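Since the structure comes first, as structure tokens, the remarks are kept for the end.
Every number in this text was worked out from the coordinates using simple rules, so none of it is lab data. Computed from a prediction, not measured in an experiment: that's the story for all the values here. Here the Cβ positions follow ideal geometry from the backbone for every residue, glycine too, while neighbour counts run over all protein chains shown.
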Amino acid sequence: MPHSSISGSVSSPKVDVVIDMGNPLLNLTVDGFSKIGAVAATRALAEDTYHIVRKGSVSSSDFEKTLKKTFKEGAYWGAIAGVYVGTEYGVQRIRGTRDWKNATFGGAVTGALVSAASNEKADKIVIGGITGAAIATAAEFINGWSF
């Protein structure tokens, strides 16, 4: 009986820029900041470009507003990523092991700090920590699965 098969692989493009700060903790924190910040800035830029194109005209005010939003989003999400990556790495170094518990703690600290920085009340800070822990833990488990 005839048999045929198709095999292949799909991979995403990889861009890796390394900034050596002389310390692994700082290196990972800056790397997380720059990568996630770039993604957030690109998303904000694409969103605003869509709105400008849909409107049909661009003004200097639109350009200035887009530029500010792009940098603000990049810095905001980059800072969150930097805190998460730095915290997770710090916990890994303290515990001496690399597992999902580091991600859970890193997510909890990051979620709580983001909520606290937003001038939230104590209950919201705790909920932010729980949410951050849940998201980071889920991401760690998903990344560990093989498909």
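Computed from the alpha carbon atoms alone, the convex hull of the stretch 22-96 holds 67 Å³ per residue. Ignoring aspartates and glutamates fewer than eight residues from K35 along the same chain, the ones with Cα atoms less than 14 angstrom from its Cα are D16, E73. Each Lys and Arg Cβ is given +1 and each Asp and Glu Cβ -1; about its Cα centre, the chain then shows a dipole of about 160 debye. Helices meeting the span-like rule in the chain (full DSSP H runs, Cα extent of at least 15 Å along the helix axis, mean Kyte-Doolittle score of 0.0 or higher): 24-55, 100-117, 122-144. Ordered by the count of other Cβ atoms within 10 Å of each Cβ, fewest first, E140, E64 give E64, E140.
The label-point distance for R43 and N143, in a model that sets each label 7 Å from Cα toward Cβ, rounds to 1.7 nm.
Computed from the C-beta positions of K65 and N119, the FRET efficiency with R₀ = 30 Å rounds to 0.75.
Helix content alone sets the calculated 222 nm mean residue ellipticity of the chain: runs of n ≥ 4 DSSP H residues at -39500 (n - 2.57) each, divided across all residues, give -26500 deg cm²/dmol. In this rough spin-label picture, where each label sits 7 Å from Cα along the Cβ direction, the V53-R98 distance is 4.0 nm. The stretch between M21 and I130 holds 36.1 nm of extra length on full extension. This uses 0.36 nm per residue minus the Cα-Cα distance. For the stretch 63-125, a simple Cβ point-charge model (Lys and Arg +1, Asp and Glu -1, everything else neutral) yields a dipole of about 60 debye relative to the Cα centre. In units of the rule-of-thumb radius 2.2 N^0.38 Å, the stretch 99-140 shows an alpha carbon radius of gyration of 1.07. Look at the alpha carbon pairs under 8 Å that are at least 6 residues apart: their mean separation over the length of the chain gives a relative contact order of 20 percent. For the stretch 99-140, averaging the sequence separation of C-alpha pairs within contact (under 8 Å, six or more residues apart) and dividing by the residue count gives a relative contact order of 55 percent.
The H on the amide N of M21, modeled in the peptide plane, is under 5 Å from the matching H of N27, each at least 5 residues off or on a different chain.
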